[in-house]
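This report concerns only the one structure given below.
The values are calculated or read from the model by the stated rules, or taken from the named source; none is laboratory data. Predicted model, so just to flag it, every value in this text is computed and none were measured. Neighbour counts run over all protein chains shown; Cβ positions are idealised from the backbone, glycine included. Only protein heavy atoms, including side chains, enter the accessible area calculation; ligands, DNA and RNA are left aside. Shrake-Rupley method; radii C 1.70, N 1.55, O 1.52, S 1.80 Å.
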Amino acid sequence: MYYDEENIFAKILNKDIPTEVILENKYSIAFKDIAPRAPKHLLIIPKGKYIKYDDFLNNASKDEIYGVFSLINELVMKFELQRSGYRIITNAGNDANQEVPHLHFHLLAGRNLGPM
Ligand code: 5GP
C-alpha cells in the first residue's frame, strides 16, 4: 500500500490547506477535527508519511514515535484533561473505516464519552 500524497492531512502538513495548529513539535502537529464528535476533538498526526498505526510502528524512528505520543500528552496537560478524562482513538484500515490515509489519533474529551 502506497502513501497517497494527495490525502487531506498531507495537504494540511504542506500548508496547502490553512489549519490552525494547536500544538506542534519536531515530529507531529495537533489541530481541531473539522466535524467534532465531542466538545474537544483534536487530531494528532505525525509529520512523516505514515498511513496507519502499524506502518508507523514498523517504519518510524523511536524519536518520531515518542514525538507523537508526547504531543498527545502535552495536549492532555494543556487542557487539564487528566482531571476529567479523555479518549484516544486511531482507526486503521478498512474494518475501522479509516477515512484519511495518513495516521492520526483522535483525542476526545469535554463530556462523558459513553461506552466504547
Ligand atoms: P478517520 O475516520 O480517518 O479516523 O477520521 C478522519 C477525521 O478527519 C474525521 O473525524 C474528519 O472529521 C476529519 N477531517 C476530514 N477532513 C478534514 C479536514 O480537512 N480538516 C480537519 N481539521 N479535519 C478533517
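Looking at this structure, is I44 within 18 Å of A10 (Cβ to Cβ), buried (at least 17 other Cβ atoms within 10 Å of the Cβ), at pLDDT 95 or above and of a type in the set (V, I, T)? The answer is yes for I44.
Candidates in the range 104-116 are the residues that are open to solvent by less than 100 Å² (accessible area, probe 1.4 Å) and either within 15 Å of the chain's Cα centre (by Cα) or farther than 25 Å from L23 by Cβ (or both); of these, the one that is farthest from the ligand (Cβ to nearest atom) is G114. A single member of K26, K15, K32, K49 is within 11 Å of the ligand (Cβ to nearest atom) and open to solvent by 90 Å² or more (accessible area, probe 1.4 Å), and it is K32. Name the residues in the range 52-62 that are free of Cβ contacts under 8 Å to residues at least 12 places away in the same chain and open to solvent by less than 20 Å² (accessible area, probe 1.4 Å), would you? Those that are free of Cβ contacts under 8 Å to residues at least 12 places away in the same chain and open to solvent by less than 20 Å² (accessible area, probe 1.4 Å): none in the range 52-62.
Number of residues in the range 60-85 that are in contact with a helix residue (DSSP H, G or I) (Cβ under 8 Å, 6 or more places away or on another chain) and within 16 Å of the ligand (Cβ to nearest atom): the value is 2.
If you go through the range 88-103 and pick out every residue that is open to solvent by 50 Å² or more (accessible area, probe 1.4 Å) and either more than 9 Å from the ligand (Cβ to nearest atom) or of a type in the set (K, R) (or both), you end up with 3.
When each of E20, E74, E5 is tested for being open to solvent by 20 Å² or more (accessible area, probe 1.4 Å), of a type in the set (D, E), under 18 Å from V100 (Cα atoms) and modelled with pLDDT of 95 or more, the lone residue that passes is E5.
So that you can scan it fast, the table gives a plain yes or no per residue for (1) under 14 Å from R37 (Cβ atoms); (2) β-branched (V, I, T); (3) in a helix (DSSP H, G or I):
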| position | (1), (2), (3) |
| --- | --- |
| I72 | no, yes, yes |
| M77 | no, no, yes |
| Q82 | no, no, yes |
| I88 | yes, yes, no |
| E99 | yes, no, no |
| H102 | no, no, no |
| L107 | yes, no, no |
| R111 | yes, no, no |
| G114 | yes, no, no |
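Only one of the listed residues (A60, A92) is at pLDDT 95 or above, under 13 Å from the mean Cα position of the chain (by Cα) and more than 16 Å from A38 (Cβ to Cβ). That residue is A92. Pairs are defined by a Cβ separation below 8 Å, a sequence spacing of at least 6 or placement on different chains, a first member in the range 66-77 that is over 14 Å from I22 (Cα atoms), and a second member that is surrounded by fewer than 14 Cβ atoms within 10 Å (Cβ to Cβ) and of a type in the set (D, E, K, R); the pairs so defined are G67/K26.
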